[in-house]
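The values are calculated or read from the model by the stated rules, or taken from the named source; none is laboratory data. Just so it is clear, the model here is predicted, and its values are computed rather than measured. Because the Cβ atoms are built from the backbone with ideal geometry, glycine has one as well, and the counts that use them run over all protein chains shown.
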Amino acid sequence: MSIKRLVRKELTGPARVSATRRRVEASEDMISLAAGDPNFLLPEYIADEMRQAVLDGCTHYCFGGDPELKVAVADYYGKYGYKADPNSQVAITAGGSQSIFQSYAVILNEGDQVLAFDPAYGGGSRAPRYFGVKTDFVPMKVEADGSFRMNVEGLKEAITDKTKALYIDNPGNPSGMVYTEKELKAMADLAVDNDFFVLSDETYTEFIWGDKKHVPLITMPGMEDRTLVAMALTKMFAWAGMRTGWIIAGPELSQYVGRAPGSGVSWPVQRAAIVALTKGQEFVKGMVDEYEERLDYCVKRLNEMPGVKCLKPEGAFYLFPDVSGVGLSSSDFVTKFMEEEKVRVVSGVGYGPAVGEGRIRLSMIRPLSTQKMLSWFKMTANTTLEAAMDRMESFCKRHAK
Ligand SMILES: Cc1ncc(COP(=O)(O)O)c(C=O)c1O
């Protein structure tokens, strides 16, 4: 009997564990800059709220999500200029991945086509295959300085009569790009003219650097019922293991979001999420300051290394430097860097087929020695970003031709 023959075909190819999720035996001096799992320790009031919620009996089913959390989410998102009705337009999910998966479950039928820019977050661009749907990638425009911009012409050309949705991450992981109003307007026009949805993954809106502003696609003309906004507390509140997120959609589309299968979120965690969203601004501000310090420090260090060019991103907390000058392929760079220097980074190739070769992604989730906030792990001189940059400098000096 072949079990393989019976299970879903998308699961039967070569086992592929995303580079960020791979479990590696950690050693004291290994530094992981792979997954986007923030290192900050949550404030005590979150734990207090969860404990109180258990004592208050929030240990039963919470069908449809906690109504107060939905109000908190709608109020929170209101700061970007879109006011959703909390009862009907907000669905609570178990994190960003579920927001993405559930959104696709609402709109995809077998044989549809999804488009995504390259590079894009793989969890968003590759999930359609579980619905019998192919993702086609549109390479972003790479500017002379190495930054990315939306490729409107490429998008136009990629649209077919099967196009059901476009996936975007705004701000972008790993592109670091924050879409301008003009780019979003061009995207909205194409979505309306060609009758498709946009899954707008807005996981990193708290982390925007410089004078850029987050403009939600859902506010663009014609987009209210064509946009599924996927968000999570994962990065916004260093909440990765607590699995809480949401989907916001327009009044008509959101009726169907509620009908798609979802797994629900532990109720005490939802109670704590209300506190995070309503009282957590100071904690978020602290992280924003730390991240910006990390980015500035690492961009400077990287640009001093032979064979490396690195831009400061407009948003999110990843660096996506061009390391092609070191003379190794992205995947060789990642493997050798881990073997020789015990630093984990991710190959750029995983974020799309065209533009990632020659780049690696570094997640700024390790502290500088100057960090003021608390970390969930013991900080030592061996695991700081300074140490990671020292090791990368030795590595590049050794390998650059
Ligand atoms: C753009 C983007 N969306 C969604 C996610 C998934 O987040 P979660 O851990 O909440 O599932 C990530 C995680 O890295 C991400 O970068």
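May I ask you to list the residues in region 191-214 that are under 18 Å from W246 (Cα atoms) and over 17 Å from the mean Cα position of the chain (by Cα)?
F197
Given the residues M364, M373, which is the only one that is closer than 29 Å to F283 by Cα and crowded, with 22+ Cβ neighbours inside 10 Å? Please lay out each step first, then the result.
Numbers: M373 fails: crowded, with 22+ Cβ neighbours inside 10 Å.
When all the criteria are applied, what remains is M364.
Would you point out which residue out of V142, V152, V192, V114 is among the aliphatic types (A, V, I, L, M), at pLDDT 95 or above and closer than 26 Å to D322 by Cα? Don't jump to the end; show me each part of the working.
Numbers: V142 fails: at pLDDT 95 or above; V192 fails: closer than 26 Å to D322 by Cα; V114 fails: closer than 26 Å to D322 by Cα.
Every option except V152 fails the conditions.
Could we say that V299 is under 19 Å from F395 (Cβ atoms), hydrophobic (A, V, I, L, M, F, W, C), assigned by TED's automatic domain parsing to the domain that holds E393 and without any contact (Cβ under 8 Å) to a residue 24 or more places away in the chain here? Walk me through how you get there before you give the answer.
Numbers: under 19 Å from F395 (Cβ atoms): yes; hydrophobic (A, V, I, L, M, F, W, C): yes; assigned by TED's automatic domain parsing to the domain that holds E393: yes; without any contact (Cβ under 8 Å) to a residue 24 or more places away in the chain: yes.
The answer is yes for V299.
Please work out which one of (1) within 16 Å of the ligand (Cβ to nearest atom); (2) of a type outside the set (G, A, S); (3) in a loop (DSSP other than H, G, I, E, B) is the condition F117 fails and give its number.
(3)
Could you count how many residues in region 379-401 are surrounded by 15 or more Cβ atoms within 10 Å (Cβ to Cβ) and part of a helix (DSSP H, G or I)?
Going residue by residue through region 379-401, those that are surrounded by 15 or more Cβ atoms within 10 Å (Cβ to Cβ) are 379, 383-389, 391-393, 395-396, 399-400.
From what is left, the residues that are part of a helix (DSSP H, G or I) are 383, 385-389, 391-393, 395-396, 399.
Of the residues in that region, 12 qualify.
Go through region 316-356 residue by residue and tally those that are without any contact (Cβ under 8 Å) to a residue 40 or more places away in the chain and touching an Asp or Glu at 6+ places or on another chain (Cβ under 6 Å).
2
Yes/no matrix, rows are residues, columns are (1) over 27 Å from V73 (Cβ atoms); (2) β-branched (V, I, T); (3) within 16 Å of the ligand (Cβ to nearest atom):
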| position | (1), (2), (3) |
| --- | --- |
| G123 | no, no, yes |
| K134 | yes, no, no |
| M140 | yes, no, yes |
| A144 | yes, no, no |
| E153 | yes, no, no |
